[in-house]
Amino acid sequence: MSPDHSSPYDAEDEEGGLYRLRTTDHCESTDGGSVLPVPVEEDSIEDSYLMREDEHKEDTDLVFLPPNAVRLRAALERVFVAAAIVLHLVGGVIATFNEASDVSVYRSACSVLFWSYILFLTFYRNTTLSYDLSYRVSANLACLFTIYWVISVIDFRSQLVSQHSKFFSIVTFFDTALATALFVIALCSPLGVTPAYVKVNKGLTYMPEPYASFASILTFSWLVPLLLEGRRTPLKMDTLWDLSEEMRSPYLSRRFRAVRRTASFRWTLFNLCVAPFIVNICIAVVSSMLTFGPTICLRLIVSYIENPSETPRHMAWLYVLVLFFTSLSSASLDSLCSWGFRKNGNTYRSILITEIYAKALRRKITSAVDNESSSKEADDDKTAAAKLNSTVVSDDDEDSEGSKSDDTDTGRIVNLMAIDATRISDAFTEAGILVKTIIIVFFAFYLLLKMLGVSAIAGIIAFLALVPVNVWISKSLATNHKDSMEITDKRVSMTNEILQNIKIIKYFAWESMFKDKLMEIRNKEVNVLIKFCLLATTGGATWFGTPLIMTLALLGTYIGVTGNPLTASLAFGTISLVNVIKTPLENVSSLLTMVMSAKVSLDRIENFINDDSTTEKYSQLSKPRGPDSPYIGFENASFTWGSSKSAKKFTLSDFSIDFPVGKLTVIVGPTGAGKTSMLMALLGEMNLLKGSVYLPGVATSRKPARDPETGFSESVAYCAQQAWLINDTIRNNILFGRPMDEARYRQTVYACALVRDFEILEHGDLTEVGEKGISLSGGQKQRISLARAVYSDAKHLLLDDCLSAIDTHSALWVYKKCIKGPMMEGRTCILVSHNISLSVPDADFIVSVNNGRVKFQGTPVEASEENVFGDDDVLRRNISSRNTPAPSTTDLKSLNVDPLQKTETLKADEEDTEEEAKRLMASIKMKDVSEAPQNAESQQTGSIKLSTYLTYFQYMGSKWFWLTFVVACVLQQLAEASKNLWVSHWSDTTASVESEIEVTKIGGDHGSFFYFSVYALISFVFLLITYLREVLLFYGSIMASRKLFNDITNSIIYASPRFFDITPVGRILNRFGKDIATVDREIATWLRYVALHAAELVTVLIIISAVVPQFLIVAFVIGCAVYFISNLYSKSSLELRRLQSTTQSPIYQHFGETLNGLATIRAYGQESRFAYQNMSILDYNMRPYTIVWVCNRWMTFCSQSIGTLVAVTTAFLLIWLSDRIDPGFAGLILAYAISFSESMVYFVFVWTLNEMNMNSVERVIEYIDIEQEPPAVIEGARPPAGWPHAGSIQVENLSLRYAPELPKVISGLTFEAKPGWNIGVVGRTGAGKSTIASAFFRFLEAQEGRIVIDGIDISTIGLRDLREALAIIPQDPTLFSGTIRSNLDPFNQYSDAAIFETLRRVHLVDSETDISGASSSTQSEEAQFNVFTDLSSPVAESGNNLSQGQRQLMCLARSLLKSPQIIFLDEATASIDYATDALLQQTIREEFRKSTIMTIAHRLRSIIDYDRILVLDAGRLVEFASPFELITKENGIFRGMCESSGEFDVLTELAEKAFKEKELQEQQQ
């Protein structure tokens, strides 16, 4: 590794501690070399989605490294190398003068050249030229020293056992001594130039691997300190090492994009790791060769036991020594190779997730499928509905993308990140095993040919004959995986939609319906899973059978064709060789499955990365301006949401607008006119058909410079119609990446009327919002979103109807103090608004839009003269006087209040003095960040609990299932042992009678064919039992998957609403995504190997101990070592796996937030910050993810080392007891001992993976046991049919709180509503109005008091009975992916005629539209296609292809169809224009005249004729009476609200009129 930086001085204190430094300018090598230049990272990647790391210097520390006597090491190294040169030079000269053989002279000359090359490398490594190559040079030197040391030791042994001249013996001795010294130095020295310090993330320490010694790298001992720490206390994220520089996402992404410019996606991926990939393959080749060392030694040792006289005893001990070194070297290199491939895999995972996220940032807000394109193009370009902030756009309609399979929906993108990227990473990781398998197979065949001669060809043919079968299985598995991923995409998308809209599902008691829809998709997924299990079982049995068939072919041909006797050394040599390839072949099935799955995943990711649905925002906004082009605006521009203009696509046509800079522009128009689309077009988010659009600051990748005078930059801020907030604190949502300016922050909070909200909220501005934390009201969220735009340094603000969700008093405050306040001076503000009387009079420019066309643009005075606002004398006077206006009403003609006649109370309320404003701003409490509440994801500690295993095993099957499975495992091992024992008996019989009878007639009455037939029979029994065991295991796995998914689905869907308030959707999706995928496909695969290798280990220990009882002593010692190592390992690895799982949830969360807020992120120019944040979250997850695999490799090395000790000890005992043990038994025991090492390695490996996978089961079970809602139905307390029949309501001393530890949000509320009453609920934003509505649906259970409806306490009946009897139109209108019809009538209970009639009532279709959807009137060419005329028109996920107002009308229509007796309207018409609102209010009064209505409203005009008004303040009831009584009450709160509305006299007149009419009706009754 090349170091980040170095230091101008050596850093080493008295205790060898670490120093931290913040800045540096230059660096120096601590290796005795010269000063090295600091690498300067050029910003060569012209991509706005990558943030330069130097923008985050405050997030890093510089940690000093102790020098570790590197200068002394370098000096000794060079001295010893020079001494070796002199030694061989002198030896060569003397050999020449003594007329020695030419070989000796040439050898000396070659040695001199070799050591001269070494000397050159030792100097070259520490020069400035070697900066980038120092690591490679050091590794090269270490390998050369190691190789030469091995050669010198062999040469030294030769000198000892043979006679040579004394001089050459001395030369050999010193040569070996020097080689040993250099080898020790290499082992104890780090590779490469050690820097004085390294750069790490703040508060962390560096990863020691790049600076570890060669021996530490070979044995992974650099990990031990962390394991010891994990043994003492559970590991936490702050105790883990930081990633090294070359493993961090920003570094990898820069490298990837530098190559990506000139190469394909796949070649770029390969090119990034081609060098380490080749190195790892070389290591794999060497490791594979060394794998056969023990097998060769086995044959030689058994040959010695067969004929001790033919081999010297010291050679037998040499074989044991070779067995030890080859096994240990193979263990080290094998672990090193696997770790190298795992690092490559981790690199690919980081790059892929980063690129998927970057592509998501660049995607179009909406991508429609062109109806005119061919079916093939449609299949290739399937896209979905717009994912526009939560606001999505278009007051318009898109074509049929919502009904098509989507390549861009949240579920698919999350799957690409969570599953596909991981599969590719795992496949590259296991490439080492695949390479080793190929090498081992070929080398095994070579040794078999050497051992058996032509008989080995039969085994090779048998192997090749089975290859086509396995190829077919692998291809079938790839197809299966592709089908599975397509269904999984749909399931995850469906799950995400359910979670995002869980409130509306619970409001309407639709849990069972959506569960059935999800389970329908799940059943299809399980069917594919069953096919996978059948294929995997067949493939596993095939690979299990391959070694057996090969052995039968080899032995059968050897004794049947050649007629040779079967000796113990040959039999067990053959079996040992076949066993060497057996385990790799057993894994080939899984590996090929993984590779084919990875290929499918890579195709999916490449298609996503390369598709052409990239936003054209930057190209649109980068066009050069003409001399008459507007600075902000349009020039003869037309836009659409589709790829081309179509009759069924909403379009903006022929826009030419020049928005005045530094002024307030108001965009007005009816619902669905195209107002939001105009803002989206201005932001470059729509498809430009012709013309030009201009907006400063958006198209640049760099942040525009701030004007030193105004403090503003030529950039844009955007406030969406439906507030989009990130999963963070209120403070961070407002700052949105900007540095804290406390004075400006306080001014923003004051201007946006958030002061009181901060006082009410327990944690103030550190309250967490978004998908977790305390729920905020819609008005609070909107004002936070507005505060974000105001606080920014953007000079140009685009505000999309930001006043609609705010109460009247707060709206007036925000308009005066914020939009027209001092913080907006000199800033351009383009405001979409329905509240024209409030916003229009003080505007500088008006744009009127209807039907996608500009109907008017000009000043308010010109608009008044053009009669744009209708016959409205009051608004006309307001415009002419430029006074503060009154809010608009639905009937502008009736607004006859003179705005100049205001009460002194209103003036006092509206006109705060400057001193009062300063006092309020100063009163804002700024809490310290350390006081922020923590809502980290919980995780278990310690080992996987036994209860988790037992639960999973219970899900798999009953006790009879497990009894059958255990019997199958026992029978399998008995068959395996019987095979080997029979071969042992066969070979011993051959040896005992070989000299007495014919080879073809051995053992008295039995010949070779008899022994071979019995062996074949046992082998096929073994294979049959293995297949049955596999079938049993996969059957249990499918049953467990079914039950676990069903249980977690039930648990989540019926969970308490509080669970969704405090749990981000990303955490839940993590369970339904990666964890369920692990349960489905991973656990059974590795569980079968756990059972297999565990049984093998037990069998080996039993057989060896039975033949050689002395082995029990060694077994006890080895058992203690295994216990210590496994205990050290298991605690840390499991905690790391848990940390990995919990740190992966934020990645899901961040992806989801980004996809929902693309328009806002791009409008603010925050792409690079979000990309960097994604990389930070990813690296945070990669820290435990990386270390857990290092732990795995360390454990593998330790296990193989223990296995080596078992084999060496067994070989030692066999040689020691060779005169008392038969060769057949000796071969059997030694074969088992050597296989013990392999079995131990794979057991540890699969047990580790199984433990990790069981963590997924643990996490799923965790969410099965969450708090549930009360029962849906209580059989003994069901309400009568038709309840509620009257609609009376009694609320008695009701108190509510969100959680027991939180303060009350409603306190002591008592009121009564008679049947048919209309009750208006008013109060300041955040007063608790929506909370009361949720209490009627029992989203919050009463802490005190009760709610009684028609004489029934609602807490005594089931939730489904309650919620089906009520109806609500929520504050946030929610629709589901599907069609117009499926959203209005999900259960198909109503006819098309009834649905069309309802759509007419809510004015989504006109009265001339017939049932077929055709309009009887002739539409003009300018008319837009109305999707509501076709009930099969698609609705995107969350209704994102409809405007906010259209969604609200859809929700109202859904409730109208239901015709409930009690209905709640929670700001149901807030996003609808006033004219439509007036018509809707009339419709509501007519349609629900016999129903009890509770309306939460900010528009007082809509509730002034209600029976009662309920006034809330801070969760308490302060007023409850008729509107007329309250409006005539002096100093009353409701009266004050009416006065501040500006239409007090009109409201009083309407209230009095309604009061008298009701009195008259009562008298008549």
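The values are calculated or read from the model by the stated rules, or taken from the named source; none is laboratory data. Just so it is clear, the model here is predicted, and its values are computed rather than measured. Glycine also receives a Cβ, built like all others from the backbone with ideal geometry; neighbour counts cover every protein chain displayed. Side chains included, ligands, DNA and RNA excluded: accessible areas come from the protein's heavy atoms. Shrake-Rupley method; radii C 1.70, N 1.55, O 1.52, S 1.80 Å.
To keep it simple, each residue is scored yes or no on (1) under 35 Å from the mean Cα position of the chain (by Cα); (2) within 21 Å of Met680 (Cβ to Cβ).
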position	(1), (2)
Val755	no, no
Gly778	yes, no
Cys802	yes, yes
Lys817	no, no
Asp844	no, no
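What is the residue count in the range 196-218 for residues that are outside any loop (DSSP other than H, G, I, E, B) and within 17 Å of Tyr251 (Cα to Cα)? Quick ask: steps written out before the conclusion?
Restricting attention to the range 196-218, the residues satisfying the condition of being outside any loop (DSSP other than H, G, I, E, B) are 197-201, 209-211, 213-218.
Next, from what is left, pick out any that are within 17 Å of Tyr251 (Cα to Cα): 198-201, 210.
Within the range 196-218, residues that are outside any loop (DSSP other than H, G, I, E, B) and within 17 Å of Tyr251 (Cα to Cα) number 5.
Please determine whether any residue of the range 1485-1492 is open to solvent by 20 Å² or more (accessible area, probe 1.4 Å), more than 26 Å from Pro1386 (Cβ to Cβ) and at pLDDT 70 or above.
Going residue by residue through the range 1485-1492, those that are open to solvent by 20 Å² or more (accessible area, probe 1.4 Å) are 1485-1487, 1489-1490.
Retained after the next criterion (residues that are more than 26 Å from Pro1386 (Cβ to Cβ)): 1485, 1489.
From what is left, the residues that are at pLDDT 70 or above are 1485, 1489.
Yes, the conditions are met somewhere in the range 1485-1492.
Scan Asn1426, Asn1440 and give me the residue that is modelled with pLDDT under 75 and crowded, with 24+ Cβ neighbours inside 10 Å.
Just a single option satisfies the conditions, and that option is Asn1440.
What is the one condition in (1) open to solvent by 10 Å² or more (accessible area, probe 1.4 Å); (2) hydrophobic (A, V, I, L, M, F, W, C); (3) closer than 30 Å to Leu1340 by Cβ that Ile505 does not satisfy?
So Ile505 meets the others, but not (1).
Yes/no matrix, rows are residues, columns are (1) open to solvent by 50 Å² or more (accessible area, probe 1.4 Å); (2) part of a loop (DSSP other than H, G, I, E, B); (3) out of contact with any Leu (no Cβ under 9 Å at 6 or more places or on another chain); (4) not aliphatic (A, V, I, L, M):
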| residue | (1), (2), (3), (4) |
| --- | --- |
| Ala284 | no, no, no, no |
| Ile296 | yes, no, no, no |
| Met315 | no, no, no, no |
| Leu321 | yes, no, yes, no |
| Leu336 | no, no, no, no |
| Lys343 | yes, no, yes, yes |
| Ile351 | no, no, no, no |
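Residues checked against (1) more than 30 Å from Trp472 (Cβ to Cβ); (2) under 23 Å from the mean Cα position of the chain (by Cα); (3) assigned to a loop (DSSP other than H, G, I, E, B); (4) among the basic types (Lys, Arg):
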site	(1), (2), (3), (4)
Ser601	no, yes, no, no
Arg604	no, yes, no, yes
Tyr618	yes, no, no, no
Ser622	yes, no, yes, no
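Return yes when Thr828 is β-branched (Val, Ile, Thr) and under 30 Å from Val1305 (Cα atoms) and no when it is not. Break it down stepwise before answering.
Details: β-branched (Val, Ile, Thr): yes; under 30 Å from Val1305 (Cα atoms): no.
So Thr828 does not fit the description; no.
Residue-by-condition table, conditions (1) closer than 30 Å to Lys582 by Cβ; (2) at pLDDT 80 or above; (3) open to solvent by 10 Å² or more (accessible area, probe 1.4 Å):
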residue	(1), (2), (3)
Lys404	no, no, yes
Asp407	no, no, yes
Gly432	yes, no, no
Phe443	yes, yes, yes
Ala456	yes, yes, no
Trp472	yes, yes, yes
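Could you please find all residues in the range 792-818 being within 21 Å of Glu742 (Cα to Cα), part of a helix (DSSP H, G or I) and open to solvent by less than 10 Å² (accessible area, probe 1.4 Å)? Don't jump to the end; show me each part of the working.
Going residue by residue through the range 792-818, those that are within 21 Å of Glu742 (Cα to Cα) are 792-795, 814, 817-818.
So of that shortlist, the ones also part of a helix (DSSP H, G or I) come out as 814, 817-818.
Those that are within 21 Å of Glu742 (Cα to Cα), part of a helix (DSSP H, G or I) and open to solvent by less than 10 Å² (accessible area, probe 1.4 Å): Val814, Cys818.
Among the residues of the range 577-604 satisfying the criterion of being hydroxyl-bearing (Ser, Thr, Tyr) and crowded, with 24+ Cβ neighbours inside 10 Å, which is modelled with the highest pLDDT? Give the derivation first.
The initial filter retains those residues of the range 577-604 that are hydroxyl-bearing (Ser, Thr, Tyr), namely 583, 589-590, 593, 597, 601.
Imposing the further condition that a residue be crowded, with 24+ Cβ neighbours inside 10 Å reduces the set to 589, 593, 597, 601.
Working: Ser589: 64, Thr593: 72, Ser597: 80, Ser601: 87.
That would be Ser601.
For the range 712-749, how many residues meet the condition of being farther than 27 Å from Ser1443 by Cβ, touching a Gly at 6+ places or on another chain (Cβ under 9 Å) and open to solvent by less than 40 Å² (accessible area, probe 1.4 Å)?
5
Of the residues Ala95, Ala100, which is part of a loop (DSSP other than H, G, I, E, B) and modelled with pLDDT under 80? If you could, list the steps in order and put the result at the bottom.
Numbers: Ala95 fails: part of a loop (DSSP other than H, G, I, E, B).
The unique qualifying residue is Ala100.
Being within 17 Å of Thr1049 (Cβ to Cβ) and among the hydrophobic types (A, V, I, L, M, F, W, C) is the filter here; which residues of the range 479-500 pass it? Talk me through it step by step, then tell me what you get.
If we filter the range 479-500 for residues that are within 17 Å of Thr1049 (Cβ to Cβ), which is where we start, we get 487-488, 490-500.
Those that are within 17 Å of Thr1049 (Cβ to Cβ) and among the hydrophobic types (A, V, I, L, M, F, W, C): Ile487, Val492, Met494, Ile498, Leu499.
Collect the residues in the range 316-341 that are more than 25 Å from Trp1194 (Cβ to Cβ) and in contact with a Phe, Trp or Tyr (Cβ under 8 Å, 6 or more places away or on another chain), keeping them in residue-number order. It would help to see each step written out before you state the result.
Step one: filter the range 316-341 for residues more than 25 Å from Trp1194 (Cβ to Cβ), giving 316-322.
Scanning the range 316-341 gives Ala316, Tyr319, Val320.
From the list Glu1525, Glu1552, Glu1519, exactly one residue is without any contact (Cβ under 8 Å) to a residue 40 or more places away in the chain and open to solvent by less than 50 Å² (accessible area, probe 1.4 Å). Which is it?
Numbers: Glu1525 fails: open to solvent by less than 50 Å² (accessible area, probe 1.4 Å); Glu1552 fails: open to solvent by less than 50 Å² (accessible area, probe 1.4 Å).
Only one candidate passes the filter, namely Glu1519.
Hey, Ile1062 hits all of (1) within 30 Å of Asn527 (Cβ to Cβ); (2) open to solvent by 10 Å² or more (accessible area, probe 1.4 Å); (3) under 23 Å from the mean Cα position of the chain (by Cα) but one; which does it fall short on?
Here Ile1062 clears every test but (1).
Do we have any residue at all in the range 252-274 that's β-branched (Val, Ile, Thr) and in contact (Cβ under 8 Å) with a residue 24 or more places away in the chain? First the steps, then the outcome.
Let us first name the residues in the range 252-274 that are β-branched (Val, Ile, Thr), namely 259, 262, 268, 274.
Remaining after also requiring in contact (Cβ under 8 Å) with a residue 24 or more places away in the chain: none.
No, the range 252-274 contains no residue that is β-branched (Val, Ile, Thr) and in contact (Cβ under 8 Å) with a residue 24 or more places away in the chain.
Can you run down the residue pairs with Cβ atoms below 7 Å, 6 or more apart or on separate chains, where the first is in the range 1067-1080 and in contact (Cβ under 8 Å) with a residue 12 or more places away in the chain and the partner is assigned to a helix (DSSP H, G or I) and among the basic types (Lys, Arg)?
Arg1071/Arg1259; Asp1075/Arg1259
Would you check if Leu1112 is without any contact (Cβ under 8 Å) to a residue 40 or more places away in the chain, part of a helix (DSSP H, G or I) and more than 33 Å from the chain's Cα centre (by Cα)? First the steps, then the outcome.
On the way: without any contact (Cβ under 8 Å) to a residue 40 or more places away in the chain: yes; part of a helix (DSSP H, G or I): yes; more than 33 Å from the chain's Cα centre (by Cα): yes.
Considered against the rule, which asks whether it is without any contact (Cβ under 8 Å) to a residue 40 or more places away in the chain, part of a helix (DSSP H, G or I) and more than 33 Å from the chain's Cα centre (by Cα), Leu1112 comes out as yes.
Checking the conditions here, which among Thr557, Thr551, Thr495 is open to solvent by less than 10 Å² (accessible area, probe 1.4 Å), assigned to a helix (DSSP H, G or I) and more than 30 Å from Ile605 (Cβ to Cβ)? Don't jump to the end; show me each part of the working.
On the way: Thr557 fails: open to solvent by less than 10 Å² (accessible area, probe 1.4 Å); Thr495 fails: more than 30 Å from Ile605 (Cβ to Cβ).
Only one candidate passes the filter, namely Thr551.
Out of (1) open to solvent by 20 Å² or more (accessible area, probe 1.4 Å); (2) in a loop (DSSP other than H, G, I, E, B); (3) at pLDDT 80 or above; (4) under 22 Å from Asn1156 (Cα atoms), the odd one out for Glu709 is which?
Going through the list (1) open to solvent by 20 Å² or more (accessible area, probe 1.4 Å); (2) in a loop (DSSP other than H, G, I, E, B); (3) at pLDDT 80 or above; (4) under 22 Å from Asn1156 (Cα atoms), Glu709 breaks only (4).
Being part of a helix (DSSP H, G or I), modelled with pLDDT under 90, out of contact with any Pro (no Cβ under 9 Å at 6 or more places or on another chain) and closer than 25 Å to Arg756 by Cβ is the requirement here; does Thr1331 meet it?
Here the answer is yes, as Thr1331 does meet what is asked.
Return only the number of the condition from (1) open to solvent by 10 Å² or more (accessible area, probe 1.4 Å); (2) within 23 Å of Ser777 (Cβ to Cβ) that Asp1477 does not satisfy.
Evaluating Asp1477 over (1) open to solvent by 10 Å² or more (accessible area, probe 1.4 Å); (2) within 23 Å of Ser777 (Cβ to Cβ) leaves (1) as the failure.
From the list Leu1366, Leu1309, Leu1359, exactly one residue is crowded, with 21+ Cβ neighbours inside 10 Å, closer than 25 Å to Trp1283 by Cβ and touching a Leu at 6+ places or on another chain (Cβ under 6 Å). Which is it?
On the way: Leu1366 fails: touching a Leu at 6+ places or on another chain (Cβ under 6 Å); Leu1359 fails: touching a Leu at 6+ places or on another chain (Cβ under 6 Å).
Of Leu1366, Leu1309, Leu1359, the one residue that is crowded, with 21+ Cβ neighbours inside 10 Å, closer than 25 Å to Trp1283 by Cβ and touching a Leu at 6+ places or on another chain (Cβ under 6 Å) is Leu1309.
Considering only residues of the range 1533-1546 that are in contact with a Pro (Cβ under 8 Å, 6 or more places away or on another chain) and either open to solvent by 30 Å² or more (accessible area, probe 1.4 Å) or in a helix (DSSP H, G or I) (or both), which is nearest to Val1322 (Cα to Cα)? Write out each step before concluding.
Filtering the range 1533-1546 down to residues in contact with a Pro (Cβ under 8 Å, 6 or more places away or on another chain) leaves 1534, 1541-1543.
With either open to solvent by 30 Å² or more (accessible area, probe 1.4 Å) or in a helix (DSSP H, G or I) (or both) added as a condition, the list becomes 1534, 1541.
Details: Phe1534: 8, Ser1541: 13 Å.
The residue in question is Phe1534.
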